[in-house]
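To start, the structure under review is shown below, and the notes come after it.
The values are calculated or read from the model by the stated rules, or taken from the named source; none is laboratory data. Note that the structure is predicted; figures quoted are calculated from it, not measured. Cβ placement follows ideal geometry from the backbone for every residue including glycine, while neighbour counts extend to all protein chains displayed.
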Amino acid sequence: MFLSPFFSWIAILYLASMRRLLVIYFLISSLNLFSQIPVAEEPLHYILYEDEEIRVLEIIALPGDTALLHQHDYNYCYIATQGGKMWLEDLGKESRKVLLPTHYAGGKFNLSEGPFTHRFANIDEHDIRFFTLEHKLGKVSNTRLESLSHDFILDSDLFTIRKLQLNPLSAAKIPHSGTVIVLNLSRLPLAYTEGKEIEYWRRFTSKEPIYIQNVSQDTLQCAIFEVY
């Protein structure tokens, strides 16, 4: 079939326009894929508490869930309350698969040098959960007690996490100098001042004495987060 020069030029211009549109489409798609949002806006992250010093989040990823690419601006630490197999991708790096055991502790402690951006996916067959504490001030504002035992599962200038085991019907006094989060890992009855119960977690200021008691007949585990 023969096309006149006029229609040939129309066809060439049409194809060129379609090519430009395809290029624009793929550019927009790439931008959407790699666009990032603040961690507080990422749907798998739930804010439990926030003040001028700290922010507490819980991450809940069901099997197959993939987090959006998101940015952490504050230094943070976490403990896996329910670990599992995960796919991880840090911005600008190769993705990897890891197995994070339950009660694994980690974090980022040098974000004053720049934010941390990543995404992850739950590639296991059960829920994966993290309890996360962010240090919004970004600098040390409390002096650590020298008398503290060194049973830390995480130790940095900004945070520590201690794992504490309480035998049935036993109690413990928690020495501290900074803000503390007590996390009830076992979800067994755990009491503090005046018989009040810590069902999951509770914040204590640097001035509050902390005296906790396992009021159950089973051994109880809890994590003690402290902010400096």
Residue tally, condition of a type in the set (Val, Ile, Thr) and outside any strand (DSSP E or B), over segment 38-54: 1
Conditions (1) on the phi < 0 side of the Ramachandran plot; (2) surrounded by fewer than 21 Cβ atoms within 10 Å (Cβ to Cβ); (3) touching a strand residue (DSSP E or B) at 6+ places or on another chain (Cβ under 7 Å); (4) not in a strand (DSSP E or B): number failed by Leu169: (1)
The lone exception for Leu190 - which of (1) under 25 Å from the mean Cα position of the chain (by Cα); (2) surrounded by fewer than 16 Cβ atoms within 10 Å (Cβ to Cβ) it fails: (2)
Among (1) of a type in the set (Phe, Trp, Tyr); (2) within 19 Å of Phe130 (Cα to Cα); (3) more than 26 Å from the chain's Cα centre (by Cα) - the single one Tyr211 does not satisfy: (2)
Neighbours by Cβ (under 9 Å, 6+ apart or cross-chain): first from segment 94-111, more than 18 Å from Cys222 (Cβ to Cβ); second among the small types (Gly, Ala, Ser) and part of a loop (DSSP other than H, G, I, E, B): Leu99/Gly83; Leu100/Gly83; Gly107/Ser156; Phe109/Ser156; Leu111/Gly138
Every residue from segment 94-147 that is at positive phi and either surrounded by 19 or more Cβ atoms within 10 Å (Cβ to Cβ) or modelled with pLDDT under 95 (or both): Gly107, Gly114, Gly138
